[in-house]
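The values are calculated or read from the model by the stated rules, or taken from the named source; none is laboratory data. These figures come from a predicted structure and were not determined experimentally. Neighbour counts run over all protein chains shown; Cβ positions are idealised from the backbone, glycine included.
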Amino acid sequence: MQPRRLIRALIASVVLTFAFAASATAPDRAIARAADAAVQQAQGHRLVLLADVHGTREIPLLVGDVVERLAAHEPVLLALEMPNEEQASLDAALAATDAHRARDVLLARAWWQRSTDQHDGRRSLGMLDLIERVRRLKHAGRDVALLAYDVSTGDTPSESSGRDGVMAERIRAAYTANTARRIVMLTGNFHAFLRIPSYMRAPVAITTAGMKLADLQPASIAIGAASGVGWGCMHDVCRAMPAPPASAHHEREYTGAVELPRMSVGRLVTVPTH
């Protein structure tokens, strides 16, 4: 190859490399901007509900950004939609001195093991990474903690909103016991409703966790996307489902919303991963 053509080829290669790097980091910049917007909307609220679309790559990253921003200035409790009996494993993971040990502690628990056809999206590598991010913050000296607030495995509340009642009770107890902490509750988008929209009012009356916590004046922030999918279960079928746009919530189900350009299904945990 002639020297001039070789130089052109090298320049083209460098340009393509930088273009690829820019495109690879663009989604993370969008996540950071959404986290900034969520923190702004959370100002003045000690309880923050983040309305989750289960099973995405992006939302655990966004939540980690939110926690990191808040924890730079105040104590933070991140509440996760995990059964209450997982609290000991979360505490042990935070106390672990290295990431491998922390992950082993979590994945030793049966709750993390699901086949794809039974997977509701809450168990993902992204969620493991979120817990690890909180562990690193704690070991760096930040005042952070985790709470497993869901009903215990095998519990079957007698009423349709019984599960939401248990969730709300555990969040309220943490709110009362930790008066200096900001509480960030990551919860399914339905559980974060502050009111039931008209299209869901029939045939049964439902009271969500957000509605039960409304007297605490929480910020309830919907996380939407312009396009893409999450992972969830409906009518006993678990699959990729369209991510809702933030603009879909027009009946004040939430106090605010942030929108990502796109959501994608994260890597789901189905077997122990190291």
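Structure summary
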{"item": "Search result, residues across the range 166-181 that are surrounded by fewer than 17 Cβ atoms within 10 Å (Cβ to Cβ) and modelled with pLDDT of 95 or more", "result": "169, 173, 176, 177"}
{"item": "All helices (runs of 4 or more DSSP H) inside the range 76-153 with 1 or more residues being out of contact with any Leu (no Cβ under 7 Å at 6 or more places or on another chain) and surrounded by 20 or more Cβ atoms within 10 Å (Cβ to Cβ)", "result": "99-107, 125-139"}
{"item": "Pairs with Cβ under 6 Å, 6+ apart, first in the range 29-41 and without any contact (Cβ under 8 Å) to a residue 60 or more places away in the chain and farther than 25 Å from residue 217 by Cα, second part of a helix (DSSP H, G or I) and β-branched (Val, Ile, Thr)", "result": "none"}
{"item": "One residue from 168, 219 being over 21 Å from residue 258 (Cβ atoms) and within 19 Å of the chain's Cα centre (by Cα)", "result": "168"}
{"item": "Residues located in the range 111-156, provided they are free of Cβ contacts under 8 Å to residues at least 24 places away in the same chain, of a type in the set (Gly, Ala, Ser) and more than 29 Å from residue 180 (Cα to Cα)", "result": "154"}
{"item": "Leading residue by the ranking (surrounded by the fewest Cβ atoms within 10 Å (Cβ to Cβ)) among those in the range 64-75 that are in contact with a helix residue (DSSP H, G or I) (Cβ under 6 Å, 6 or more places away or on another chain) and within 27 Å of residue 232 (Cα to Cα)", "result": "65"}
{"item": "Residues within the range 110-139 that are at pLDDT 95 or above and charged (D, E, K, R), tallied", "result": "6"}
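Residue-wise test of (1) under 25 Å from residue 61 (Cβ atoms); (2) hydroxyl-bearing (Ser, Thr, Tyr); (3) touching a strand residue (DSSP E or B) at 6+ places or on another chain (Cβ under 6 Å).
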residue	(1), (2), (3)
171	yes, no, yes
187	yes, yes, yes
218	yes, no, yes
224	yes, no, yes
229	yes, no, yes
245	yes, no, yes
252	no, no, no
266	yes, no, yes
